[in-house]
Each structure stands twice: as structure tokens, then as C-alpha cells.
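Note sheet for the following structure.
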Amino acid sequence: MNEKASLRARAEIDLAALRANVRELRARAGGAQLMAVVKSDAYGHGAVPCARAALEAGATWLGTATPQEALALRAAGLGSRVMCWLWTPGGPWREAIEADIDVSVSGLWALREVVAAAAEAGRTARIHLKADTGLGRNGCQPADWPELVAEARTAEESGAVRVTGLWSHFACADEPGHPSIAAQLTVFRDMVAYAEKAGVEPEVRHIANSPATLTVPESHFDLVRTGIAMYGISPSPELGTPADFGLRPVMTLSASVALVKQVPAGHGISYGHHYTTPAETTLALVPLGYADGIPRHASGRGPVLVAGRVRTVAGRVAMDQFVVDLEGDRTEPGAEAVLFGPGDRGEPTAEDWAVAADTIAYEIVTRIGTRVPRVHVGA
């Protein structure tokens, strides 16, 4: 039995496609460096293999949300520049400093914890000051920026920290022409200018995420941070398809059909009997469910390629399985059911599942659970 047939399900990760995507994004970034964002296990693709592939393709930085994610990259032997940005009080600042990780600082409490941890470690911490230019999440408000910059400069002069970056994040870069894009760029330039006038000499200034990398060249500055685009998924259907940007989806999610059976007309399918067979038909059981990250919201709508045709989930997605109505067609247990992939074979894409579940493709790939093994190919 081949490897595909022997697995209940698999998420095949095409590292050759990922490397090609990184090269394309580097070309679009002009002279800016590229940070490969591998947070949330590389958006569900496997952080360490994807990080290595991205670095091989020319990425010079790796980005994570949590310090634990960053420390895991160091534990795996990855020696590139690594930045992490989602901190809470009492976080592992000292461990990050000792691992040569660049850390983000959005307020005085974080700066003071970094300074204390640097003293404990006997090393200078590398920090990026984050500006809230309009997203309204993490980051320092313009009104509080002078105080943060002043204290950071004092910490620099004492040798506790080195401000290696000034950065921010867009709110609506995935909406072409949204007025907030230009407004945030103006605020960012002003906040960077203030910090530099106060004596900050950053290595990198960065605000561009995936959509801005693709469509807002004036936002590239010294570094772009590419997340979802690196995995071959368009940041927004309004911006274009992956192919429009020279990108290829990296993940293909498939499963082995667990059961095939004939049922009569009028047979209820899955919980609640939201689907009833309109005629005598053949059913195929696909052994994936919401415990594996298949969105229950896509019940009755999620597309699946089985037996040469794209079918729709019949009835509700359950915790471990769902059913498709083959409408009299035949297949065998062990046959491949493809939920999404690049679309080359007529299979659905992650974007198709996003439409079916009223969400975004980011969520579709990121939520695929740990019960589904990642099989990395194209290494």
C-alpha cells in the first residue's frame, strides 16, 4: 500500500513551491529584505521545515508572534535573525535575549522588563519599537511615542538595549485604495522621523505585510514581512488570485475514503439530518472533521474532489468525519479525497473552502489540526 493510502489524512507541504514563492516575493520587494513569518506553526504548514526553505530562498529574517515560537526556531538550530512581537508581562525576556532574538516593545512596561532581563543576562537586548499608526491593536500610540522613545534612548545609552527596528502594521492593506493605507504611512513616517531625530538609528524600518508587499511598493522601506503570501495564498481575493502574483499554494489536504456504501432514497445523513438523499445513491465517508480543523460552518457547502468530480459535503461536518454523496458514482475505500490544493487537478482551493465557511483562507490552512500529519515534499 502506498504512503497516501496508508494515512487517514495528510497535509502535503510543497517546499519547492514555498521557495519559489519566497523568490517571487523578494523580487516584488525591490531592495528590501524579506522576513518569512512562520507564526502559528507556519500558518499550519510546519514552522521549522518552512523556515529552512524560506531562508534557502533568500529570506534574511524569520518572524513569529510568541517568544515560545521564536525559541523553538533557535532550538531547531536556525541561526538567522528572528523577531517575535506578542509579549505579556513576565514573559521569557531573558531567554529571548540570550538566544539573540529581536523582541518587540510597544510600551514602557515591556521596555522596563527588557532592561531588567538584559541586566540579568549581562547582554544587550535587541528591540524593535512598535508604533500604533492606526490598527489599534499592539503598538505605541503617537501621543505616548515621545516618552517611549526617550526611555529607549536612555536604555541604549546605558548599553541595556539596542533599537534595531522601528515598525508598525497595516489595518486595511488587503483592501486596495483604502484611505487608511496612505494615512498609516504618513503617521509611520512621522513617528520614524521623530525617533531618528531623537538619536535612534534602526537597522530596519518595516510596516509592509503580505498585501502591502504585493501592492503598496512605497511601504517596503528596509524590510517586508510576508506571511500568507509565502504559502501561496492571496491575502485577499480583491487583490488577485495566487497565480496573478506568481504564487502557488503550498498545502494540499487529502484523506483516504473510509467507507463506500449504497443507501436508499430518503436516507438522512449525519447529525440533524440536514441532508436527505433525493434518490438511491452511493455515499463516501471522509475521515476528517472539525477536530482536524474542517470548519463546521462549511456543512452542506464544503467542496471535495472524490471519484473524479468535485462534490459537496452532505449534511453536517462531524468531529471526525463527514459524508459526500457520489450520486451513484463508484469509488473504493482507500481512494483519495482532496479537500483543497493548488487546483491543478481540478481540486478545490483553500479559498473555495473559505467561501464555503464565510471566512478567509488564512483560517482554513492555519486551523488544520495536529492529528493531520504534515508530509513535506520538494525539500
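The values are calculated or read from the model by the stated rules, or taken from the named source; none is laboratory data. Owing to the predicted nature of the structure, the values given are computational and were not obtained by experimental measurement. With ideal geometry, Cβ positions are generated from the backbone for all residues, glycine too; neighbour counts draw on all protein chains shown. These accessible areas exclude ligands, DNA and RNA; they are computed on the full protein's heavy atoms, side chains included. Shrake-Rupley method; radii C 1.70, N 1.55, O 1.52, S 1.80 Å.
Quick one: angle between helix 179-197 and the longest Cα principal axis of the chain, in degrees between 0 and 90, rounded to 10, please.
With rounding to tens, the tilt is 30 degrees.
If the only charges are +1 at each Lys and Arg Cβ and -1 at each Asp and Glu Cβ, what is the size of the charge dipole of the chain around the Cα centre, to the nearest 20 debye?
Here the size comes out at about 560 debye.
What ranking do 365-371, 336-342, 317-323, 192-198 get when scored by the average of other Cβ atoms within 10 Å per residue, highest first? Provide the component values of the computation, followed by the final result.
Values: 365-371: 17.9, 336-342: 22.4, 317-323: 20.0, 192-198: 15.4.
Going from most to least packed, we get 336-342, 317-323, 365-371, 192-198.
Contact order normalised by length for the stretch 95-172, with contacts defined as Cα pairs under 8 Å and 6 or more residues apart; what percent is it?
35
Could you tell me the distance between the Cα centroids of the stretch 173-249 and the stretch 100-131, to the nearest Å?
25
So what's the back-of-envelope 222 nm ellipticity for the chain, counting only DSSP H runs of four-plus at -39500 (n - 2.57) apiece and dividing by all residues, rounded to 500?
-9000 deg cm²/dmol
Would you mind counting up the charge near P287? Only other residues with Cβ under 9 Å from its Cβ, with Lys and Arg at +1 and Asp and Glu at -1. Mind showing how you got there, number by number?
Values: positive: R8; negative: D292, D320.
It works out to a net charge of -1.
For A265, what is the net charge nearby, where nearby means another residue's Cβ is under 14 Å from its Cβ and Lys, Arg count +1, Asp, Glu -1?
Charge balance in the 14 Å sphere: -3.
How many percent of the accessible area of the chain is carbon or sulfur, using a 1.4 Å probe? Walk me through the numbers on the way to the answer.
Working: 7880 of 15360 Å².
Ligands and nucleic acids excluded, carbon and sulfur give 51 percent.
Going by alpha carbons, how many degrees (0 to 90, nearest 10) lie between the helix axis of 108-121 and the longest principal axis of the chain?
Computed tilt is about 80 degrees.
Relative contact order (percent) for the stretch 241-313, with alpha-carbon contacts under 8 angstrom and 6 or more residues of separation?
With pairs under 8 Å counted, the relative contact order is 22 percent.
Collect residues whose amide H, placed 1.01 Å from N in the peptide plane, falls under 5 Å from the amide H of G289; neighbours closer than 5 in sequence don't count.
The list, which skips near neighbours in sequence, is I294, Q321.
Quick one: compute the contact order of the stretch 137-221, relative version, from alpha carbon pairs under 8 angstrom and 6+ residues apart, as a percent.
Dividing the mean separation by the residue count of the stretch 137-221 yields 33 percent.
Compute the signed sum of charges (Lys and Arg +1, Asp and Glu -1) over the other residues within less than 15 Å, Cβ to Cβ, of T164.
My count for the surroundings of T164 gives +1.
Using θ = phi - 60° and the Karplus form 6.51 cos²θ - 1.76 cosθ + 1.60, what ³J(HN,Hα) does each residue of the stretch 276-283 get, whole Hz, x for Gly and Pro?
Residue by residue, the stretch 276-283 yields 10, 4, x, 7, 4, 7, 10, 10 Hz.
Taking the Cα centre of the stretch 324-379 as origin and charging only Cβ (+1 Lys, Arg; -1 Asp, Glu), how large is the dipole, in debye to the nearest 20?
Computed charge dipole of the stretch 324-379: roughly 400 debye.
Once both axes come from the Cα atoms, what is the angle between helix 47-56 and the longest principal axis of the chain, in degrees from 0 to 90, rounded to 10?
Orientation of helix 47-56: about 70 degrees from the principal axis.
Determine the per residue accessible area of the chain with all protein chains present and a 1.4 angstrom probe, expressed in square angstrom.
That works out to 41 Å² per residue.
Checking the a/c ratio against 1.5 first, then a/b against b/c, what shape does the Cα gyration tensor give for the stretch 253-298? Don't skip to the answer; put the middle values down first.
Values: a/c = 3.14, a/b = 1.48, b/c = 2.12.
In terms of gyration-tensor shape, oblate.
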